[in-house]
Structure formats: structure tokens, C-alpha cells
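**Q** Quick one: the structure is below, and I'll ask about it shortly.
FYI, it's all coordinate maths here, none of it is from the lab. Predicted, not measured: the structure shown is a model, and the values here were computed from it. Cβ atoms come from the backbone with ideal geometry, glycine included; neighbour counts cover every protein chain shown.
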């Protein structure tokens, strides 16, 4: 009896520690990776970087023989434009689909929907990129009379399709987590189905829904292969949806393999990595503040 | 309840990001590592580099595997720069390269490994300039190409080349180029613009020889460059002259070898120091008639017999 109790005590302690370790490891990984990325780029950052040129020049000439220039303005513009367009498409579609799946459809349809959406999430990004390069390219040339179909529009639509599954499944979880007593109370007060969704469920699930949207944004900012192929990979600041762009992630993917280790080019690519980290960080912090603000209200 | 939801959502968020990064990191490191753990006791020759040569190298490897089952040649692409980097890091036995190794890279290889890189010319490639098959343009010269692709170049409309490209309504000339670790990119820049001048920004920089031809074949406004082996029936290869007024030649084996086609280049394979016995045998087979026949079949230009004999003899000497 005594032994069994002691065994139970020890194993409980052990499991608790293992779980704690799992939790901590996530943080350790994030900081470890940030440290690694920052260290690789720090030499250039502190000694050679012309910060003004880095952020304000659209001229990206890392492999020039006579005059190397590292300006990432066009790349930032590329990432922002593609992500913004993707979110403009994906957020209404994703949240709409989440509300439909969670509140308005029957159990049978719901199962089918979830399977199809999960299937959408399982398509590898290279395949998306190939669809962009071939099918979407020709479609955009046909529809808009554009000279080339590898554009912000192409990349944005592809990214939207890629982030919709994330938004739908997290958003649906958030809506499902609203207690049924809320629904019952709303119906008892005579609210219609839509009134209940709009006035009760959405406010109650707003944090979860915001998390869904943010995960979608993170997916869009971080996506590499599909945008590399679908946006045209051209260093320009876009003036319309039918211009080609190049994103920060695609630049790292395309050029890191070639850059000799610890060369200027290599370090600048890692600085772009730091920049990407910072962007994600700022997005998360902003969302955090918004959520806190809403709660205080 | 809301608080609970939020915290679980957040940690899920964090966990997802961490997991994604972990996967990314392990995937990266795995790519770089040599996989010389043969499952069946085979000897593995790692062969990586140029995207232009990847089809050729793969075909060689497949044919060689049938001939010598005990040796497995593993081929991957990524670009000439990537291949040389792998050679320097010691993760590749043979680096495929569609440009010559730069003095800086040779110095780095010596520094890192203490061995001299050995250069082997294994064939030639005529770099073709592609346009859509509906484009009425048939020939172009290097000066015009420099104005199209070079920094501060003045040509950005098809009408400036004296043609009416009816399939391309906007008349805008869409430049298709390669990513900057491609040997094709380096060679084309040097051939058109010399050592100092850069390409103009805003070209569509694609990530593979095949992608360039694929895109040009689907875009009536586009012009692009890639190895002549990648042609298909949606595109047209232009005849190229050196200067205005000089005769233009199409890319072909004869014009590449006699030097009349202006943008033909050797294809290289590099090894470090004295290559292993298996690697040497493989290179020797590449120089044989069977190996050189594959060069022609994949759309490249085989070495003249004299050259391949000489190279083969040199391999004996390295021994």
C-alpha cells in the first residue's frame, strides 16, 4: 500500500516535470532560433549596415560585381502587398465558413466540409506554386489582358487559399467553445439564429477568432515556396495588383544556398530573417494589446 | 471561460510556430548533409549543382546504375553556386557547374579542404533566347539583348525591336531571368554586359531552367534565356548575332562548336583533389561514347572526339 502510494506520487511528479519541460522547450526553441538568426547577421548589422539605405532603397543587387547594394524596401512592399491582399480575401471567407460550419449546417454536411477543408490544408506549397505558375498565370493573362500573370493578385489568391483552412478550423474551434448555455439564453430571449450568432456568439468568441486570423496572417507572411513561384519574383515596388513582386521569404529561399557562409550577402539574408521575426512579433503584440483593450471595455 | 479559451489558443499558437520552425530547421540541415549511408552496401557518389545540368546528370546516373549496380550516383540541383558550396563543405563528390569556378571560390576550397579543385569540361551548352511561339521576332543581337536586360537599358517595348507582337496587347516586354545563384545567370550577364554592368531590376527571376521555358511558353509578352535542351513546342528559339548587321545563327551543335553562335559555354564538373576510384571511373564513363551520346540526347553539345580522349587521358594521370 505504502509502495503504491509512493509510486503514484513519484510518477505524478515525473509527469508534471515532463509536461513542464515540453512547455518550456517551445520557448527555448523560439529564443534559440532567434539567437541563432541574429548572431549570423549581427556582424554586418553592427559594422557595415547602412540602415537608411537598407530600409529606403528598392535596389537589391547582392551579386553585383562592381557595386553591391542591399536595399529591402521593394521586398518589404512585396511581402506587405501580397499578405494584405491574401487577408482581404481569406478573412471574410474563412470566418464566414467557420460560422457556417459551426452554426448553420447539419452534422452530415459538417463532416464533409471539415474533411474537404483539411484536404485543402494538406496540399504542399510547391503544388500551390505550380498552380500559380501555370494555371493562374494563363487565367490572369486571359481575364485582365495583363502582360504576365505572375503578380500580386496571383500570389494573394494562392496565399488566401492556403490560409483559409487555418482560419476555418481555428475559428470553428473558437465558436464551438462558446458554452451552450449562451445559445440557450439567447434563444429563450427570442433571438433569431442570425441575431444569436451576431450578438452573442461572435463577441463571446472574439479572442479565438482573432487568434484564427493571426495564425492566417502568420501563414501568409511566412509562406515561401508558393509565393516564390506565383508572384514572379521581381524586385519592384508594386503599383497595382497586376505588378510582379518579390517577398522577403522568397528572397531568403532563393539566395541563401548560394551565399558563401559569413559573406555580406549571407549576413544580410539573416538580417532579413530578423526582420521577419520582428514583423511577426509586432503583429502578435498588437493583437495582444487589442484583445486587452477589448477586455477592459 | 473566455480566459481559459484565450490561453489555450495562445499556447497552441506558440506551439505551432515552434513546431513549424523546428521542422524547417531539421529539413534544412538534412538537405545539406551527405546521405552516404547506403541501404544496400552500395558506394554512393554525391553529385550536386547546376540546374541546367540536372537532367543530364540524372540521365547519366540512371544509365550508369544499370551498367555498374554497385555504385549509386545521387544527383540534386540547386544551382552552380550551391554545388560549389557543397564541394567546399565536403558534402558533394562532384559539383556540376555551368560556369567556371571563381578565383575566390578556388581559394576558399583550398583553405577549407587543403585540396585543389579539379576541373573537367564534360560538354557544351548553347544558351538559347526564348520567346513565345506566336511572337513574330526571329532574330536578335547581343547589343539589343544588353539594352533589354542591362541596368539603364532603353528597350522595354516589343515595338522598339521593330516588330508588332500582336499576341501581346500591352506591347510590354516581360524579361524573364534566373535567380542569382544560377550559373546561367552569371554566364548570361557576363556575355551580354561584361564584368561591371548589372542586370536591370524588375525581371521575373525564376528558380529553374525548365520554369523559364515553361513561363515563356505561356506568356506571349515574355523573353527569357535557358539551355537549348529545355525547348518545347510552345516556344521559339531566336537566332542570335553578335552585332547589328552581322549574320545571326541559331543554337545547334555545329554553331556552338565552331564558335559562330555567340552564347555557348562549356559545362563543368568539379572534384576536389584526387577523386575516389568510383568517382574517377564515373567521369571516365562520362567521357566514353555512351556518356557523350547522352549529352546529345538531353539537348546539349557533346565534346569533339579529340577533346574527350584528351580529358579521359588526363583522368588516368590524376590517378
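**Q** Simple spin-label model, 7 Å along Cα-to-Cβ: residue B:115 to residue B:138 in nm?
**A** Modelled inter-label distance: 5.2 nm.
**Q** To continue, here is another question. Ratio of the stretch A:50-128's C-alpha Rg to 2.2 N^0.38 Å, to two decimals?
**A** 1.82
**Q** Still on this structure: Say we join alpha carbon atoms closer than 10 Å with springs in a Gaussian network model of chain B; which of B:161, B:67, B:56 then has the biggest fluctuation?
**A** It is B:67.
**Q** Taking Cα centroids, how far is the stretch B:152-231 from the stretch A:72-116 in Å?
**A** Using only Cα atoms to place each centre, the spacing works out to 35 Å.
**Q** In square nanometres, what is one fourth of the surface area of the convex hull spanned by the alpha carbons of the stretch A:52-93?
**A** Its Cα hull, projected and averaged over all orientations, spans 3.3 nm².
**Q** Report, as an integer, the average count of C-beta atoms from other chains found within 10 Å of each Cβ along A:265-278.
**A** Mean partner shielding for this stretch: 0.
**Q** If the elastic network links every pair of Cα atoms under 10 Å, which of A:269, A:14, A:248 fluctuates the most in the Gaussian network model of chain A?
**A** Per the Cα network of chain A with a 10 Å cutoff, A:14 tops the list.
**Q** Is there a simple number for the mean count of other chain Cβ atoms within 10 Å of the Cβ of residues in A:63-75, and what is it?
**A** For peptide A:63-75, the averaged partner shielding equals 3.
**Q** Right, another one. Which value, in nm² and rounded to one decimal, describes the direction-averaged projected area of the C-alpha convex hull of the stretch A:1-74?
**A** For the stretch A:1-74, averaging the hull's shadow over all directions gives 7.9 nm².
**Q** Could you tell me the relative contact order of the stretch A:57-202? Use alpha-carbon pairs under 8 Å, at least six residues apart, and round to a whole percent.
**A** Computed over the stretch A:57-202, the figure is 28 percent.
**Q** Take every residue in peptide B:193-205, count the Cβ atoms of other chains within 10 Å of its Cβ, and give the average of those counts.
**A** Mean number of neighbouring Cβ atoms from other chains: 6.
**Q** According to the square roots a ≥ b ≥ c of the eigenvalues of the Cα gyration tensor, what is the shape class of chain B, taking rounded for a/c under 1.5, prolate for a/b larger than b/c otherwise, and oblate for the remainder?
**A** Here chain B falls in the oblate category.
**Q** Which order results if A:262, B:132 are arranged by neighbouring Cβ count within 10 Å, fewest first?
**A** By the 10 Å Cβ count, ascending, the order reads A:262, B:132.
**Q** Please identify, among A:118, A:16, A:40, the residue showing maximal mean-square fluctuation in a Gaussian network model of chain A using a 10 angstrom Cα cutoff.
**A** A:16
**Q** Under a plain spin-label model, where a point goes 7 Å from the Cα along Cα-to-Cβ, how far apart in nm are residue A:9 and residue A:57?
**A** That separation, rounded to one decimal, is 6.9 nm.
**Q** Among rounded, prolate and oblate, which fits the stretch A:147-225 when a ≥ b ≥ c are the square roots of the eigenvalues of its C-alpha gyration tensor, a/c under 1.5 means rounded, and a/b larger than b/c means prolate?
**A** Because a/c hits 1.5 or more and a/b exceeds b/c, the stretch A:147-225 counts as prolate.
**Q** Could you put B:189, B:154 in order, starting from the residue whose Cβ has the fewest other Cβ atoms within 10 Å?
**A** With the fewest neighbours first, B:189, B:154 line up as B:154, B:189.
**Q** In the protein assembly as shown, what % of DSSP beta bridges are antiparallel (nearest 5)?
**A** Bridges in the protein assembly as shown are about 60 percent antiparallel.
**Q** Which of the peptides B:96-109, B:235-248 is most tightly packed, and how do the rest follow, going by the mean number of other Cβ atoms within 10 Å of each residue?
**A** B:96-109, B:235-248
**Q** Could I ask something else about it? What is chain A's relative contact order, in percent, from Cα pairs under 8 angstrom and six or more apart in sequence?
**A** 25 percent
**Q** Right, next: Compute the long axis of helix A:107-121 from its Cα atoms, compare it with the longest principal axis of the Cα atoms of chain A, and write down the angle in degrees, 0 to 90, nearest 10.
**A** The answer is roughly 20 degrees.
**Q** For the stretch A:170-287, count all C-alpha to C-alpha pairs, find those more than 19 Å apart, and express that count as a whole percent of the total.
**A** 64 percent
**Q** Using a ≥ b ≥ c from the Cα gyration tensor of the stretch B:132-266 (square roots of the eigenvalues), is it rounded, prolate or oblate, where a/c under 1.5 gives rounded and otherwise the larger of a/b and b/c decides, a/b for prolate?
**A** The shape class here is rounded.
**Q** Looking at the calculated P(r) for the stretch B:44-83, what percent of the C-alpha pair distances fall above 14 Å?
**A** The calculated P(r) of the stretch B:44-83 puts 41 percent of pairs beyond 14 Å.
**Q** Let me ask you something else. With just the Cα atoms defining each centre, how far is the stretch B:57-115 from the stretch A:195-258? Give it in Å.
**A** If you average the Cα positions of each part, the centres end up 36 Å apart.
**Q** How would you rank B:297-305, A:168-176, B:173-181, highest first, on the average number of other Cβ atoms within 10 Å across their residues?
**A** Ranking the peptides B:297-305, A:168-176, B:173-181 by packing returns B:173-181, A:168-176, B:297-305.
**Q** Oh, and also: Sorted by packing (mean other beta-carbon atoms within 10 Å per residue), highest first, where do A:183-193, A:64-74 land?
**A** In decreasing order of mean packing, A:183-193, A:64-74 become A:64-74, A:183-193.
**Q** Placing one identical point scatterer on every Cα of the stretch B:117-196 and ignoring solvent, what is log10 I(q)/I(0) from the Debye formula at q = 0.11, 0.18 Å⁻¹?
**A** Debye intensities relative to I(0), on a log10 scale: -0.37, -0.86.
**Q** Now a separate question. Percent of Cα-Cα pairs more than 15 Å apart in the stretch B:219-315, please.
**A** Tail of P(r) above 15 Å: 69 percent of Cα pairs.
**Q** Which whole number of Å³ per residue matches the convex hull of the alpha-carbon atoms in the protein assembly as shown?
**A** Convex hull of Cα atoms, per residue: 224 Å³.
**Q** Another one. Along each principal axis of its Cα atoms, how long is the stretch B:54-136 end to end? Whole angstroms, biggest number first, please.
**A** Cα extents, longest axis first: 54, 37, 20 Å.
**Q** If you wrap a convex hull around the Cα atoms of chain A, how much volume per residue is inside, in Å³?
**A** 229 Å³
**Q** Let me ask something additional. Which order results if B:158, A:60 are arranged by neighbouring Cβ count within 10 Å, fewest first?
**A** A:60, B:158
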